[in-house]
């Protein structure tokens, strides 16, 4: 919703080009660097409490975005909303594993959660486009805040209450969380997310001293984190993400797959948004309506996976759907500005999501199985962190590639549709490279995974 409303928001609040993408980027940035810590805390205080708190804060900060009077206020409240949603995502995974036993019901629950994302995406796009061209972008935030409030009320009455005493939770909060490890990792992820967000807005920002400093510190913190959790494991103390878990080839493979698949799928959708509005000169409403077939395909994929994943080999499910999704960037890379929507854009958008949607169910089942029962929210945080960072990296790299090729265009006007299309085509080919890499990694890493999501006695 925010993506299609951004031009109107920028005009009303006088958002400068330097921070034009920050209302969207800051949300993913703060969410990505808060997930691990939020997941660890949820495992101690209870997933229900964290989920309800996240819904409440999301309602408050979303309403505040609609009331923002300048760009600074908008960006600030969007950042806080990103932290709020980080409370919800890991908790949702933990709630599913707590109340749905291994088997088809859990598979269906994860598939339903995965299917909810494309539905929300499509509704947000359409509402955002209609409101941007009509009543105004503020109404969109008011509607979103109202919906979040309704969900908060439903969650309060429908989610079972935890039986764990509060005193025990507070004691565990002090003793069972690897606070230094969580802070080191969250800081590194936050700095990396900032760098990628800055690159998405302007490639030249890589030369800025602040960007160089953030990137350097983020890289330095990675080995520091590895050494810290290794030390924690050695002495039998809590480790936020134990080094030993990465020895599991299947776990490692699905994390790489999720990172790459979300990088390609998210970047392709974002590039199509620019293609529709900047190359084909469509309105926000017209552009948003063209995305509707994509979430329909996503819902169908998730329904099939929820019903059938325990009956088929997971590696072949991933390989087949990733092969299908690899067709999408090829179609996008060869389409022209005047080609009919149904000829290239429609099939590309429909074929883009099956791979990542299948991985959503498969990876959640594998990652939650790799973590102990008492740290299922942390397991959900790992999945969501990997996917969020993948989205940021994919979009940043595609922005760098598209911008670089556009600047080298022989067209004198670099903002003209022909010059922009050259850059978008190059970025689409890069998406194909990412998708192909995901396929190769899956062929090797998931070769003997077999069936997952089976019922346990």
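The values are calculated or read from the model by the stated rules, or taken from the named source; none is laboratory data. These numbers come from a predicted model, not from an experiment. FYI the Cβ positions are ideal-geometry reconstructions off the backbone, even for glycines, and counts take in every protein chain you see.
Brief remarks on what is shown
- Here 301, 285 are screened, and the one residue that is modelled with pLDDT under 90, over 19 Å from residue 363 (Cβ atoms) and touching a helix residue (DSSP H, G or I) at 6+ places or on another chain (Cβ under 9 Å) is 285.
- Among the residues listed as 291, 275, the single one being surrounded by 17 or more Cβ atoms within 10 Å (Cβ to Cβ), in contact (Cβ under 8 Å) with a residue 24 or more places away in the chain, in a loop (DSSP other than H, G, I, E, B) and in contact with a helix residue (DSSP H, G or I) (Cβ under 6 Å, 6 or more places away or on another chain): 291
- Any hit, the stretch 384-398, residues being surrounded by fewer than 24 Cβ atoms within 10 Å (Cβ to Cβ), under 21 Å from the mean Cα position of the chain (by Cα), at pLDDT 90 or above and closer than 30 Å to residue 86 by Cα: no
- The sole residue among 170, 159, 154 that is modelled with pLDDT of 85 or more and out of contact with any helix residue (DSSP H, G or I) (no Cβ under 6 Å at 6 or more places or on another chain) is 154.
- Some residue of the stretch 232-244 being under 19 Å from residue 387 (Cα atoms) and touching a helix residue (DSSP H, G or I) at 6+ places or on another chain (Cβ under 8 Å): yes
- Any hit, the stretch 179-196, residues being surrounded by 20 or more Cβ atoms within 10 Å (Cβ to Cβ), at pLDDT 85 or above and over 30 Å from residue 208 (Cα atoms): no
- Residue tally, condition within 15 Å of residue 187 (Cα to Cα) and either free of Cβ contacts under 8 Å to residues at least 12 places away in the same chain or touching a strand residue (DSSP E or B) at 6+ places or on another chain (Cβ under 8 Å) (or both), over the stretch 222-244: 1
- Evaluating residue 237 against the criteria (1) surrounded by fewer than 15 Cβ atoms within 10 Å (Cβ to Cβ); (2) farther than 30 Å from residue 25 by Cβ; (3) modelled with pLDDT under 85 leaves one unmet condition, (3).
- Condition broken by residue 206, with the remaining ones in (1) without any contact (Cβ under 8 Å) to a residue 24 or more places away in the chain; (2) within 18 Å of residue 241 (Cα to Cα) satisfied: (2)
- The set of residues in the stretch 278-288 being assigned to a helix (DSSP H, G or I) and closer than 19 Å to residue 420 by Cα consists of 278, 279, 284, 287.
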